[in-house]
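We did not get these values from a lab; they are worked out from the coordinates using the rules stated. A quick note: this is a predicted structure, and the numbers were derived from the prediction, not measured. Cβ sites come from the backbone with ideal geometry, for glycine too, and all protein chains shown count toward neighbours.
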Amino acid sequence: MNKPRITQLRAVAKRYQVLLGLVDWQITVNWATKQDFADRDCYPDALGSCSWQVEYHTCRILLNRNLVDAETAESTVIHELIHLLAEQSDNPKGKYAPHYERALNTIADLLWQWDVTRTGGCGANA
Ligand SMILES: [Zn+2]
C-alpha cells in the first residue's frame, strides 16, 4: 500500500489552494497527534481536521498519520480545503453533520479524480 508523505500532501494543498481560489490564505499541513484531535473535539479515527482564523487568513490542516493510503490522504486534504472554502465565515466548531461530510467527500474525490486524469496530479501519483 502506498503510504503518504507529508511533503506530497503539502504539495497537494498548494495545488488545490490555487484551484479553489484560496491563494491569499496561509495554509499549513501537518500530521496530527492524538492530543490535537482531542483538543479539536474530533473523533480519534477522523482522517483530518481543519481550523482557521478568518481575520489572519491562516488555516491549519491536521491529518491522521494512520491514513490508509496516499489517495485517501490527498482526497482528505482537498476535503479540508473545501471546508475552508465553504465555511470560512462560520464558526469552525460547528456541529458534525454526516450528510454534509459525505457531500464534501464526494466533491473532493471527484476533484481529485478529475485532476489526476487531466494532469497526473502532483502528489503520490505524480
Ligand atoms: Zn469534514
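Between HIS57 and ALA103, residue separation times 0.36 nm minus the direct Cα-Cα distance comes to 14.1 nm. With both residues required to sit in the chain, DSSP beta bridges show an antiparallel share near 50%.
Quick check on the chain: what are the equivalent-ellipsoid semi-axes from the Cα gyration tensor, as sqrt(5λ), descending, whole Å? Can you show the working numbers first?
Details: eigenvalues 86, 59, 40 Å².
For the chain, the ellipsoid semi-axes come out as 21, 17, 14 Å.
Of the chymotrypsin sites (Phe, Trp or Tyr not before Pro) found in region 1-84, not one falls in a DSSP loop while having at most 16 other beta-carbon atoms within 10 Å. By a straight-distance test (C-alpha under 14 Å), which aspartates and glutamates pair with LYS34 as possible cross-link partners, with residues fewer than eight away in the same chain excluded? Within the straight-line cut-off, LYS34 pairs with ASP45.
Compute the signed sum of charges (Lys and Arg +1, Asp and Glu -1) over the other residues within less than 13 Å, Cβ to Cβ, of ALA103.
Details: positive: ARG102; negative: GLU87, GLU101, ASP109.
The answer is -2.
Can you give the net charge of the other residues whose Cβ lies under 10 Å from the Cβ of ALA11, counting K and R as +1 and D and E as -1? For residues surrounding ALA11, the net value is +3. Ranked by how many other Cβ atoms sit within 10 Å of their own Cβ, fewest first, the residues CYS122, CYS50 fall in the order CYS122, CYS50. Summarising the label geometry, the points placed 7 Å from Cα in the beta-carbon direction at GLN26 and TRP114 lie 3.1 nm from one another. GLY121 sits among other residues whose Cβ lies under 12 Å from its own Cβ, and their net charge, with Lys and Arg +1 and Asp and Glu -1, is -1.
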